[in-house]
Amino acid sequence: MSTAVAEKVDDDLWSAIGDPTRRRMLDLLLVEGEGTATTLSRHLPVTRQAVTKHLGVLDRAGLVRATPAGREKRYRVDEAQLARAVAQLASVGSAWDARLQRIKRIAEAIQRTGQD
Amino acid sequence: MEFGTIEREVYIEASPETVFEVVSSPGHLRQWWPDDARYEPVPGSTGEIVFGDPGAGGAVVAFTVVDARPPRTFSFRWTHPAGEAAAEGNSLLVTFDLTPSGGGTLLKMTETGFREMGWEAAVLEQQYQEHVTGWDFYLARLAPYVATLRVRS
């Protein structure tokens, strides 16, 4: 079951960070410390509405946190979740390596049991 | 650069017959990949693999056996749209080739179809990087940042 959870989280993170605009937004938030849809859209070739949508995706993945700021929301990167994301994405990078290691472990265990 | 194929090799201290069973049978697949697997390990069999609880955010993914020649080759397509026949262009093809080696088995895995899926180039590249090398662009920018987190905590 833990595998299932990991796959699911990976999917969410993949969706959140798999988009170049959202990666650029995370970079901007890291550099600036915080930002709103308006301030971020000044640095990006997309509309404020589009930025708002992207921020929603990042928010749902837990990568940013919002606080009310007048009519808008002010966003910061969630450092802990980002660190987890980095660790996870690195591990997702070797998804097949991990599967093959499990295949190896299972097959070798069966072989040993058969020989005992 | 070509983003078409992933290749991996691993040496396993077990007979090709045992390794074939592990890479092909639904019961074993559940142990190393999805939470559930429903298909017959024979060519042409269609089924599905399940991640998590489909009723609570999990995923059901189409799975079609392409080739099964014990104890040498097992291949399947996955990720095609439900109800569609698996074919080049709508799915990823995974092939396991087993070669006797020493007292064990050399298992070679290839996954192809990233290009043929017809996804937009950026997604294609990201997906490929994710599978193969990790997140080069993103990690390069984040590594120093994460290092600062570690220092602070």
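Considering each residue of the range B:72-80 in turn, none proves to be among the β-branched types (V, I, T), part of a strand (DSSP E or B), without any contact (Cβ under 8 Å) to a residue 60 or more places away in the chain and within 14 Å of chain A (Cβ to nearest Cβ). Within the range B:12-20, does at least one residue satisfy the condition of being free of Cβ contacts under 8 Å to residues at least 12 places away in the same chain and surrounded by fewer than 17 Cβ atoms within 10 Å (Cβ to Cβ)? No, the conditions are met nowhere in the range B:12-20. Once the range B:7-63 is narrowed to residues that are of a type in the set (F, W, Y) and more than 7 Å from chain A (Cβ to nearest Cβ), the residue that is nearest to B:L98 (Cα to Cα) is B:F20.
Evaluate the following for B:D67: is it within 15 Å of A:W96 (Cβ to Cβ), at pLDDT 95 or above and within 18 Å of the chain's Cα centre (by Cα)? Steps first, answer last, please.
On the way: within 15 Å of A:W96 (Cβ to Cβ): no; at pLDDT 95 or above: yes; within 18 Å of the chain's Cα centre (by Cα): yes.
No: the conditions fail for B:D67.
Quick check on my filter: what residues within the range A:62-89 are free of Cβ contacts under 8 Å to residues at least 60 places away in the same chain and surrounded by 20 or more Cβ atoms within 10 Å (Cβ to Cβ)?
Across the range A:62-89, the qualifying residues are A:L63, A:V64, A:Y75, A:V77, A:L82, A:V86.
Within the range A:29-61, if we keep just the residues that are in contact (Cβ under 8 Å) with a residue 40 or more places away in the chain and in a helix (DSSP H, G or I), the residue that is surrounded by the most Cβ atoms within 10 Å (Cβ to Cβ) turns out to be A:L58.
Scanning the range B:20-70 for residues that are in a helix (DSSP H, G or I), among the β-branched types (V, I, T) and under 25 Å from B:A87 (Cβ atoms) yields a count of 1. Residue pairs whose Cβ atoms lie under 8 Å apart, sitting 6 or more positions apart in sequence or on different chains, and linking a residue in the range B:86-114 that is more than 14 Å from B:T64 (Cβ to Cβ) to a partner that is assigned to a loop (DSSP other than H, G, I, E, B) and among the aliphatic types (A, V, I, L, M), are B:G104/B:A14; B:T105/B:A14. In the set B:A62, B:A68, B:A56, only one residue is surrounded by fewer than 18 Cβ atoms within 10 Å (Cβ to Cβ) and at negative phi; that residue is B:A56.
Whenever a residue of the range A:97-116 is facing chain B (nearest Cβ under 8 Å), its partners that are in a loop (DSSP other than H, G, I, E, B) and of a type outside the set (S, T, N, Q), lying with C-beta atoms within less than 6 angstrom and at least six residues away or across chains, give the pairs A:R99/B:W33; A:A107/B:A14; A:E108/B:E13; A:E108/B:A14; A:Q111/B:A14. Return yes when A:D12 is under 30 Å from B:F51 (Cβ atoms), facing another protein chain (nearest Cβ under 10 Å), modelled with pLDDT under 90 and under 18 Å from the mean Cα position of the chain (by Cα) and no when it is not. Yes, satisfied.
The values are calculated or read from the model by the stated rules, or taken from the named source; none is laboratory data. All values derive from a computational prediction rather than experimental measurement. Please note: Cβ atoms are built from the backbone with ideal geometry, for glycine as well, and neighbour counts cover all protein chains shown.
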